[in-house]
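Structure, as structure tokens:
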Amino acid sequence: MRKKTGKPPLASKVELVLLDVDGVLTRGDIVYAEPDAGAAEGLELKMFNVRDGSAIRWALREGLQVAFMTGRRSRVVERRAADLGVTLVRQGVKEKGAAFAALLKETGFRAEQTAAMGDDLMDLPILARAGFPGCPADAHEEVRKRCRFVSRFPGGGGAVREFLEEIFRAGGIWDKILTRYMEAAK
Ligand SMILES: [Mg+2]
């Protein structure tokens, strides 16, 4: 577990980062591709951001927990999570507030120890309870006005990266992450 820094609440207390998928980890586009007749199923394409991915890896390495939660279900989300080492993945979530409560129970964290990023109305039950709620620049207005952190960047375009860097700085681990690369560059 990450070392406590004794800093003020909100971003500095974050132990669990909960991320919506469509519109947060992606631009929100869902590209369907229908195979020719006879193939077993269609394809669903999503585009993720490589710099978001790097920050998710750093978060995990520094002992933060990261979870993906989405109302939809697709194999590409499983694959992205597996690539990054994210094991807390909740797909096909009908009611995000209830799923958030279940995740807290399972992980043992309190709501105030979580940061959450969402972009649309269905994320509000989580954003209303999370200790550090954030959203991409292009989130719905009702979401933006309820978030403590509004990224300068859109979903799939660096919003998650900026959110995580804010959490790293508040938690006193940004310098450690940066130093690792600065030292390696010498
Ligand atoms: Mg969304």
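Computed quantities for the displayed model
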| item | result |
| --- | --- |
| Restricting the stretch 79-105 to residues that are touching a strand residue (DSSP E or B) at 6+ places or on another chain (Cβ under 9 Å) and within 21 Å of PHE149 (Cα to Cα), the residue that is farthest from the ligand (Cβ to nearest atom) | PHE100 |
| Residue within the stretch 89-110 that is more than 13 Å from the chain's Cα centre (by Cα), under 26 Å from TYR181 (Cβ atoms), of a type in the set (Val, Ile, Thr) and modelled with pLDDT of 95 or more present | no |
| Residue pairs meeting the criteria (Cβ under 9 Å; at least 6 apart or on separate chains; first within 13 Å of PHE163 (Cβ to Cβ) and among the aliphatic types (A, V, I, L, M), in the stretch 42-58; second exposed (fewer than 15 other Cβ atoms within 10 Å of the Cβ) and modelled with pLDDT of 95 or more) | ILE56/GLY85 |
| Meets criteria (open to solvent by 40 Å² or more (accessible area, probe 1.4 Å), in a helix (DSSP H, G or I), at pLDDT 95 or above and within 19 Å of LEU16 (Cβ to Cβ)) for ALA81 | no |
| Residues satisfying the stated conditions in the stretch 60-78, i.e. assigned to a helix (DSSP H, G or I) and either open to solvent by less than 60 Å² (accessible area, probe 1.4 Å) or closer than 20 Å to GLU41 by Cβ (or both) | LEU60, ARG75, VAL76, VAL77, GLU78 |
| Residues of the stretch 55-88 satisfying the condition of being of a type in the set (S, T, N, Q) and under 12 Å from the mean Cα position of the chain (by Cα) | GLN65, THR70 |
| Some residue of the stretch 165-184 being open to solvent by 10 Å² or more (accessible area, probe 1.4 Å), out of contact with any helix residue (DSSP H, G or I) (no Cβ under 9 Å at 6 or more places or on another chain) and among the aromatic types (Phe, Trp, Tyr) | yes |
| Residues (among the aliphatic types (A, V, I, L, M), surrounded by 15 or more Cβ atoms within 10 Å (Cβ to Cβ) and more than 16 Å from ASP22 (Cα to Cα)) located in the stretch 84-105 | LEU84, VAL86, LEU88, ALA99, ALA101, LEU103, LEU104 |
| Matching residues, the stretch 118-134, being of a type in the set (A, V, I, L, M, F, W, C), within 13 Å of the ligand (Cβ to nearest atom) and open to solvent by 50 Å² or more (accessible area, probe 1.4 Å) | LEU121, MET122 |
| Members of the stretch 106-117 that are in contact with a strand residue (DSSP E or B) (Cβ under 8 Å, 6 or more places away or on another chain) and open to solvent by less than 20 Å² (accessible area, probe 1.4 Å) | THR114, ALA115, ALA116, MET117 |
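The values are calculated or read from the model by the stated rules, or taken from the named source; none is laboratory data. All values reported here derive from a predicted model rather than from experimental measurement. Here Cβ is always computed from backbone atoms with ideal geometry, including for glycine, and neighbour counts include all displayed protein chains. The area values use the complete protein model at the heavy-atom level, side chains included, leaving out ligands, DNA and RNA. Shrake-Rupley method; radii C 1.70, N 1.55, O 1.52, S 1.80 Å.
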